[in-house]
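The values are calculated or read from the model by the stated rules, or taken from the named source; none is laboratory data. In this text the structure is predicted, and so the values were computed from the model without any measurement. All Cβ positions, glycine included, derive from the backbone under ideal geometry; neighbour counts span all protein chains shown.
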Amino acid sequence: MPAQLLDGVKIAARLTETVKKEVETFQAKHGVRPGLTVIIVGEDPASKVYVNRKHKACAELGIASEVVRLPADIAEAQLLQEIDRLNGDPKVNGILVQLPVPKHINAEKVLEQISPKKDVDGFHPVNVGNLTVGKEWLVPCTPYGIVKMLEISGISIEGKQAVVLGRSNIVGKPMAMLLLSRNATVTVCHSKTQDLASVTRQGDIFVAAVGKPEFVTKDMVKPGAAVIDVGINRVGDKLVGDVKFDEVKEVAGYITPVPGGVGPLTIAMLLHNTVKAAQLQLGDR
Ligand code: NDP
């Protein structure tokens, strides 16, 4: 029997409904709206699309959002100064620098400049540390959205074998931490993993975040597994995931489509994090 489809659009709508109520409660209590500022450096077309989506999603929920557009040749020091200005602005509760930044700018330095309390992407080392010790404050949006999706879909995590393919700071590592803290037994695979398919076939939950189009084939998947496809790869004029959807859906128990799977959850969790950051700053949490 083919896998059950996990509909990210529907689940994201449910999550944003909750965020909307939190925005209303916050506004009623404090008389201001939570505010998000997104910084975009340069003219990367994919980044522009992502930033516009985030801006629109904020507007729909009543979150005040501002986009700061900076030229591609801006000096690193100037960008850091701009982040400092936003760190000190009480109207700005969340700051996000859209990645990638141009090559002459050190992305790590930029992420570390953002105040941990305003770090809605959850990439600052303080928030990475929080997650590692089990404090889920501002958690990276994509993996956070994935655990919400599993929970809402009734896919239990505790005691399961979870395999995460990819160890990036943005997806793979925080994904592994979130699954571990929910009592899965977690294996993280990467480009040096030997006999990859035999490892990934252990996964009751299999998260693919490898960034290679249709990399995951059906022989890599345990029958009945929940397969979560994080990949967004442009092939010609099509978007495809990291999973070969048509064949993997024949063996998996659950599968996310691309598009319409993990992507919408990422935005929903960004909105969630923005409200959470505002609540943390004003002492509601
Ligand atoms: P990265 O390129 O940072 O990480 C890729 C990981 O895959 C690395 O850990 C790498 O291993 C591993 N890898 C690469 N090749 C192989 C291989 N042949 N065998 C095993 N492992 C391999 O990617 P990201 O984590 O940033 O993103 C992954 C994908 O998710 C991309 O397609 C990206 O566009 C998408 N994405 C989607 C989001 C969404 O909202 N849906 C949000 C963020 C990302 P090593 O560490 O050894 O190099």
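Scan the stretch 178-186 and give yes if some residue there is among the β-branched types (Val, Ile, Thr), within 22 Å of Gly129 (Cα to Cα) and within 12 Å of the ligand (Cβ to nearest atom), otherwise no.
no
Please verify whether Val248 is closer than 19 Å to Gly166 by Cα and away from the ligand (no atom under 14 Å from the Cβ), treating the condition exactly as stated. Steps first, please.
Details: closer than 19 Å to Gly166 by Cα: yes; away from the ligand (no atom under 14 Å from the Cβ): yes.
Yes, satisfied.
Among (1) more than 16 Å from the chain's Cα centre (by Cα); (2) buried (at least 19 other Cβ atoms within 10 Å of the Cβ), where does Glu247 come up short?
The one condition Glu247 does not meet is (2).
Within the set of pairs 6+ apart or on separate chains, which have a first residue in the stretch 218-239 that is at pLDDT 95 or above, a second that is near the ligand (Cβ under 10 Å from one of its atoms) and assigned to a helix (DSSP H, G or I), and C-beta atoms under 6 Å apart?
Listed by first residue and then by second, the contacts come to Met220/Thr200; Ile228/Ile146; Val230/Val262.
Out of (1) surrounded by fewer than 16 Cβ atoms within 10 Å (Cβ to Cβ); (2) under 28 Å from Leu36 (Cα atoms); (3) within 16 Å of the ligand (Cβ to nearest atom); (4) among the acidic types (Asp, Glu), the odd one out for Asp121 is which?
Against the list (1) surrounded by fewer than 16 Cβ atoms within 10 Å (Cβ to Cβ); (2) under 28 Å from Leu36 (Cα atoms); (3) within 16 Å of the ligand (Cβ to nearest atom); (4) among the acidic types (Asp, Glu), Asp121 comes up short only on (1).
Out of the stretch 128-178, which residues are small (Gly, Ala, Ser) and in contact with a Gly (Cβ under 7 Å, 6 or more places away or on another chain)?
Of the stretch 128-178, the ones small (Gly, Ala, Ser) are 129, 134, 145, 153-154, 156, 159, 162, 166, 168, 172, 176.
If the condition is that a residue be small (Gly, Ala, Ser) and in contact with a Gly (Cβ under 7 Å, 6 or more places away or on another chain), then Ala162, Gly166, Gly172 are the ones that fit.
Could you list, in sequence order, all residues of the stretch 187-198 that are near the ligand (Cβ under 10 Å from one of its atoms) and in contact with a helix residue (DSSP H, G or I) (Cβ under 9 Å, 6 or more places away or on another chain)?
Matches in the stretch 187-198: Val188, Cys189, His190, Thr193, Leu196.
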